[in-house]
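Chemist: Below is one structure. I have some questions about it.
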Amino acid sequence: MAIFFSSYCPICGNKGFKVKNDTMIHHIKDISKMGDRGYSFCPNSECNIVYFHNKETFTSSMVNKEIGFKDISSPNGTICYCYNYPQSELYNESIVDKIKIRIENYGSRCDIRNPSGRCCLKEIRRMQKEQKKEEVYDISKN
Ligand SMILES: [Zn+2]
């Protein structure tokens, strides 16, 4: 029997994607709050929700590490969970190459270590692009 549940975040309405319970167990502070059903991850950087199942939600304060991909996080928020790089590393132009070299040498466990269950590189590139746009905007203001 198929299990149906909404894969849209109940707060922002963005489409989430399914995460394995195994992934969540590594990131939720209080595992006893976790149900036995499947959860989705909300990828919207402006939304405070990390995991949800219908109306049941886990916010960013309910996970172990600050999520660097969410706008509300500080410069200490994590962007690469396999190698523990903080958000402040986004200013480092070579951060993507640095992570790639690490992955080549040591492998990666994004499926477990990243709260989204996915590789961080795509998100890092997106955030770096956005950061550059903001810088251009700042300069044009002066
Ligand atoms: Zn959301």
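Chemist: Return the only residue of Ile79, Ile112 being under 17 Å from Pro43 (Cβ atoms) and either out of contact with any Asp or Glu (no Cβ under 6 Å at 6 or more places or on another chain) or hydroxyl-bearing (Ser, Thr, Tyr) (or both).
Modeler: When all the criteria are applied, what remains is Ile79.
Chemist: Here is a follow-up. Of a type in the set (A, V, I, L, M, F, W, C), away from the ligand (no atom under 14 Å from the Cβ) and not assigned by TED's automatic domain parsing to the domain that holds Lys132: which single residue out of Ile31, Ile95 fits that description? Please lay out each step first, then the result.
Modeler: Details: Ile95 fails: not assigned by TED's automatic domain parsing to the domain that holds Lys132.
Criteria check complete, one pass: Ile31.
Chemist: Quick one: count up the residues across region 2-28 that are closer than 23 Å to Ile72 by Cα, among the charged types (D, E, K, R) and away from the ligand (no atom under 12 Å from the Cβ).
Modeler: Count: 1.
Chemist: Let me ask you something else. Does region 68-76 contain at least one residue that is within 19 Å of Glu123 (Cα to Cα), more than 16 Å from the ligand (Cβ to nearest atom) and buried (at least 17 other Cβ atoms within 10 Å of the Cβ)?
Modeler: Taking every residue of region 68-76 in turn, at least one turns out to be within 19 Å of Glu123 (Cα to Cα), more than 16 Å from the ligand (Cβ to nearest atom) and buried (at least 17 other Cβ atoms within 10 Å of the Cβ).
Chemist: Another question, if that's okay. Would you confirm whether any residue within region 29-49 is among the polar types (S, T, N, Q), part of a strand (DSSP E or B) and under 26 Å from Arg126 (Cα atoms)?
Modeler: Step one: list which residues in region 29-49 are among the polar types (S, T, N, Q), which gives 32, 40, 44-45, 48.
Keeping just the survivors that are part of a strand (DSSP E or B) gives 40.
Those still in the list that are under 26 Å from Arg126 (Cα atoms) too: 40.
Within region 29-49 (the criterion being among the polar types (S, T, N, Q), part of a strand (DSSP E or B) and under 26 Å from Arg126 (Cα atoms)), the answer is yes, since at least one residue qualifies.
Chemist: Scan region 32-51 and report the pairs whose first residue is touching a residue at least 24 places away in the same chain (Cβ under 8 Å) and whose second residue is among the acidic types (Asp, Glu) and more than 10 Å from the ligand (Cβ to nearest atom), with Cβ atoms within less than 6 Å and a gap of 6+ or a chain change.
Modeler: Ser45/Asp71; Glu46/Asp71
Each row is one residue, and each column tells you yes or no for (1) among the aromatic types (Phe, Trp, Tyr); (2) modelled with pLDDT of 95 or more.
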site: Ser40; (1), (2): no, yes
site: Pro43; (1), (2): no, no
site: Lys55; (1), (2): no, no
site: Phe58; (1), (2): yes, yes
site: Ser73; (1), (2): no, no
site: Ser94; (1), (2): no, yes
site: Lys98; (1), (2): no, yes
site: Arg102; (1), (2): no, yes
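Chemist: If you don't mind, another one. Could you name every one of the helices (runs of 4 or more DSSP H) located completely within region 54-142 that has at least 2 residues being free of Cβ contacts under 8 Å to residues at least 60 places away in the same chain?
Modeler: On the way: elements: 95-106, 110-113, 121-141.
In region 54-142, 95-106, 121-141 are the helices (runs of 4 or more DSSP H) which contain 2 or more residues that are free of Cβ contacts under 8 Å to residues at least 60 places away in the same chain.
The values are calculated or read from the model by the stated rules, or taken from the named source; none is laboratory data. As the structure is a computational prediction, the values presented were derived from the model and not from experiment. As a convention, Cβ positions derive from the backbone with ideal geometry for all residues, glycine included, and neighbour counts pool all protein chains shown.
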